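**Student:** First the structure, then my questions, so here it is.
The values are calculated or read from the model by the stated rules, or taken from the named source; none is laboratory data. Note that the structure is a prediction, hence the values are computed from the model and not measured. Every residue, glycine among them, receives a Cβ derived from its backbone with ideal geometry; neighbour counts consider all protein chains shown. Areas reflect the complete protein model, heavy atoms only, side chains present, ligands, DNA and RNA absent. Shrake-Rupley method; radii C 1.70, N 1.55, O 1.52, S 1.80 Å.
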Amino acid sequence: MSAGGALRLVLGDQLSHHLPSLRGLDPARDVVLMAEVMGEATYVPHHPQKIAFVFSAMRHFAGELRARGVPVAYVALEDEGNTGSLDGELRRAIDRYQPARVELTFPGEWRVWKQMRDWQRTLPIPVEVREDDRFFCSIARFRAHAQGRRQMRMEFFYREMRRDHGVLLTGEGEPEGGQWNFDAENRKRLPKGLVPPPPFRVEPDAITAEVLALVARRFGQHFGSLDGFAYAVTAADATRALDHFIRHGLADFGDYQDAMAMGQDTLFHSILSPYLNAGLLDPRAAVAAAEAAYGQGKAPLNAVEGFIRQILGWREYVRGIYWLNMPEYAQGNALAAHRPLPAFYWTGETDLNCLAQVIGQTRRTAYAHHIQRLMVTGNFALLLGVEPAEIEEWYLAVYLDAYEWVELPNVHGMVMFADGGYLASKPYAASGKYIDRMSDYCRHCRYDVKQTEGPDACPFNYLYWNFVAENAGALRGNPRMAMMYKGLDRMSEEKRAAVRRDAARFIAGQVAGYGEG
Ligand code: FAD
Ligand code: DLZ
Ligand code: SF4
């Protein structure tokens with residue numbers, strides 16, 4: 001690096017060659033800094049597969065930059081002198097390379113943004129933070145959408161995004177198929193005999209094998225197994241994963257989007273979130289590929305619209321909510337939920353089969369699909385009244401795709417209703433009936449989903465009514481909860497007492513830390 005050059009930091013979820021802080025790079029004067037640091041690997045106890053994925057993808061990305069002639073200062077976790085923090089590594093690189101300025105891209109988490117602002121104040125050279133434009137919607141655009149709204153609704157935002165970006169529109173600017181949303185068609189159970197495609201796999205190369213050994217040695221005690229790691233760690237393989245999904249998963253994605261089945265971890269889902277969130281895959285490429293498949297008659301509209309809504313709608317919506325409302329957003333606890341997270345979330349030892357299945361799968365793969373996260377592990381934490389911060393930490397730790405900008409609104413807002421209805425109009429609380437309708441978990445469970453009271457009754461059933469009763473103060477006035485409160489009001493005093501008794505017994509068991517009812 002020569003005088004007047006820039007030090008350009010690339011974080012572990014910024015692995016895009018078109019990253020704003022890489023634009024205008026002069027290989028003769030500039031240096032790219034990438035650092036594996038304990039601070040980022042342990043601020044929550046990440047699943048070992050997540051750490052392996054990020055480190056291996058970082059190492060591959062650094063290799064690609066070097067192959068393009070870009071000088072990269074790469075600090076590996078066990079390199080001598082590694083300070084263990086982004087702050088320490090940035091300061092060390094400044095001492096070493098004496099750059100004239102630092103170039104950064106806006107990060108994915110508030111705590112890192114705070115750090116970047118500190119650098120702007122305390123470093124002796126200019127620090128530029130460039131907007132992260134790898135999203136459809138800028139934060140300014142989201143702010144304009146949110147202006148004057150006390151409550152946000154994804155559906156209205158999504159329609160604006162479809163219009164802004166000309167996605168799935170007719171020549172007249174109307175939604176393809178005459179409606180914006182085909183969700184009502186997307187709630188089928190997995191029929192017997194329909195076999196989902198095998199998930200896309202990439203066998204570990206030498207770089208990944210080395211990282212897997214490092215992670216096993218240093219982070220083997222974290223929740224989660226490293227066995228069978230087969231995620232893509234380069235943009236080229238992430239693009240292959242997209243092709244695989246478009247070819248084999250997309251056509252049935254809509255119909256079975258909400259289904260769950262034992263032994264079927266991924267069904268017709270795309271498993272693209274790790275790549276989208278780390279920067280290996282551009283969301284525009286994913287949306288364009290799905291739209292093209294519809295144009296070519298390879299997938300029906302309910303599937304294509306459903307998939308595009310997740311990326312153009314939900315993904316952008318939760319990011320906007322996060323950045324518009326942090327750091328206050330994380331503080332809310334609208335339902336005053338304070339119970340500890342049951343220990344079995346970390347051990348997987350529970351006799352509630354749905355939870356055992358989803359937590360077991362999470363431990364094996366660092367993946368669960370949306371309905372498993374929302375209606376099994378999420379719904380249970382909501383019904384139990386778990387302290388939001390405890391369940392938020394769990395979700396941030398255990399999934400390969402977890403970064404706070406996307407995890408927090410999903411958990412704090414969508415699952416826990418801790419924002420009081422800002423993100424979603426009502427809590428997604430449900431009894432065991434929902435899980436029974438959408439899965440085969442109940443058929444293999446020691447509890448009876450049809451029973452509502454007593455030691456063999458499905459705990460979701462009495463916990464559901466206990467939740468409705470406990471939160472009457474906060475939720476009775478919500479028009480979308482009217483049916484539930486009608487149900488509660490119709491319940492005999494005897495039945496209510498049984499709900500209270502069963503719930504109290506079960507909760508006492510959880511608080512003691514065991515998965516026994
Ligand atoms: P698909 O079902 O194939 O969907 C396609 C894409 O749409 C995903 O890859 C993802 O990028 C996007 N998407 C879908 N739903 C959402 C959503 N609700 N919010 C944002 N993007 C969405 N997603 C994360 O990327 N990181 C998280 O940390 C995360 N935490 C979650 C926690 C909870 C409690 C819940 C209910 C959802 C969470 N999600 C999170 C959203 C969703 O569950 C995952 O994006 C999805 O399961 C990833 O699997 P997939 O790629 O196979 O998704
Ligand atoms: C998730 C992660 C991990 C495990 N390790 C690193 C790391 O060592 N170095 C790094 O630059 N980034 C890492 N990341 C991703 C960061 O945590 C992520 O960039 C911030 O959370 C901001 O989204
Ligand atoms: Fe889960 Fe209840 Fe079904 Fe068992 S019976 S799998 S606890 S929903």
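**Student:** Inspect the range 250-271 for any residue being more than 17 Å from residue 372 (Cα to Cα), surrounded by 22 or more Cβ atoms within 10 Å (Cβ to Cβ) and touching a helix residue (DSSP H, G or I) at 6+ places or on another chain (Cβ under 9 Å) and give the result as yes or no.
**Tutor:** Yes, the range 250-271 has at least one match.
**Student:** Looking at the range 156-175 only, could you name the residues that are touching a residue at least 60 places away in the same chain (Cβ under 8 Å) and open to solvent by 20 Å² or more (accessible area, probe 1.4 Å)?
**Tutor:** Within the range 156-175, just 165 meets the criteria.
**Student:** While we're here: Which residue pairs have Cβ atoms under 9 Å apart, sit 6 or more places apart or on different chains, and have a first residue in the range 64-90 that is under 23 Å from residue 233 (Cα atoms) and more than 16 Å from ligand 1 (Cβ to nearest atom) and a second that is open to solvent by 20 Å² or more (accessible area, probe 1.4 Å) and at pLDDT below 95?
**Tutor:** Once the first residue is under 23 Å from residue 233 (Cα atoms) and more than 16 Å from ligand 1 (Cβ to nearest atom) and sits in the range 64-90, its partners that are open to solvent by 20 Å² or more (accessible area, probe 1.4 Å) and at pLDDT below 95 give 71/1; 73/1.
**Student:** If you don't mind, there's one more thing I want to ask. Among the residues of the range 369-381, is any touching a Pro at 6+ places or on another chain (Cβ under 6 Å), in contact (Cβ under 8 Å) with a residue 60 or more places away in the chain and either within 10 Å of ligand 1 (Cβ to nearest atom) or open to solvent by 10 Å² or more (accessible area, probe 1.4 Å) (or both)?
**Tutor:** no
**Student:** Here is a follow-up. Answer yes or no as to whether residue 454 is at positive phi and in contact with an Asp or Glu (Cβ under 9 Å, 6 or more places away or on another chain).
**Tutor:** Spelling it out, residue 454 is indeed at positive phi and in contact with an Asp or Glu (Cβ under 9 Å, 6 or more places away or on another chain).
**Student:** Identify the single condition in (1) out of contact with any Gly (no Cβ under 7 Å at 6 or more places or on another chain); (2) surrounded by fewer than 16 Cβ atoms within 10 Å (Cβ to Cβ); (3) more than 19 Å from residue 261 (Cβ to Cβ); (4) modelled with pLDDT under 95 that residue 188 does not satisfy, given that it satisfies every other one.
**Tutor:** (3)
**Student:** From the list 422, 434, pick out the single residue that is within 16 Å of ligand 3 (Cβ to nearest atom) and open to solvent by 20 Å² or more (accessible area, probe 1.4 Å).
**Tutor:** Exactly one residue qualifies, and that residue is 434.
**Student:** Within the range 290-303, can one find any residue that is of a type in the set (D, E, K, R), within 15 Å of ligand 1 (Cβ to nearest atom) and open to solvent by less than 40 Å² (accessible area, probe 1.4 Å)?
**Tutor:** no
Yes/no per residue for (1) within 14 Å of ligand 1 (Cβ to nearest atom); (2) open to solvent by 30 Å² or more (accessible area, probe 1.4 Å):
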| site | (1), (2) |
| --- | --- |
| 335 | no, no |
| 340 | no, yes |
| 343 | no, yes |
| 354 | no, no |
| 362 | yes, no |
| 395 | yes, no |
| 412 | yes, no |
| 426 | no, yes |
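Let's see how each residue does on (1) part of a loop (DSSP other than H, G, I, E, B); (2) open to solvent by 60 Å² or more (accessible area, probe 1.4 Å):
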site: 29; (1), (2): yes, yes
site: 45; (1), (2): yes, no
site: 57; (1), (2): no, no
site: 66; (1), (2): no, yes
site: 69; (1), (2): yes, no
site: 78; (1), (2): yes, yes
site: 95; (1), (2): no, yes
site: 120; (1), (2): no, yes
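**Student:** Looking at the structure I just gave you, is residue 366 of a type outside the set (D, E, K, R), within 29 Å of residue 56 (Cβ to Cβ), in contact with a His (Cβ under 7 Å, 6 or more places away or on another chain) and within 16 Å of ligand 2 (Cβ to nearest atom)? Show your work before the answer.
**Tutor:** Details: of a type outside the set (D, E, K, R): yes; within 29 Å of residue 56 (Cβ to Cβ): yes; in contact with a His (Cβ under 7 Å, 6 or more places away or on another chain): yes; within 16 Å of ligand 2 (Cβ to nearest atom): yes.
So residue 366 fits the description; yes.
**Student:** Give the range 98-118 a look and list any residue that's surrounded by fewer than 19 Cβ atoms within 10 Å (Cβ to Cβ) and small (Gly, Ala, Ser), or say none.
**Tutor:** 100
**Student:** Right, residue 93: touching a residue at least 60 places away in the same chain (Cβ under 8 Å) and away from ligand 2 (no atom under 16 Å from the Cβ) or not?
**Tutor:** no
**Student:** Any residue in the range 212-229 that is exposed (fewer than 14 other Cβ atoms within 10 Å of the Cβ) sitting within a Cβ distance under 7 Å of a residue that is hydrophobic (A, V, I, L, M, F, W, C) and in a helix (DSSP H, G or I)? List the pairs, counting only those 6 or more apart or interchain.
**Tutor:** Taking only residues 6 or more apart or on different chains, not a single pair turns up.
**Student:** Somewhere in the range 446-454, is a residue touching a strand residue (DSSP E or B) at 6+ places or on another chain (Cβ under 9 Å) and of a type in the set (Val, Ile, Thr)?
**Tutor:** yes
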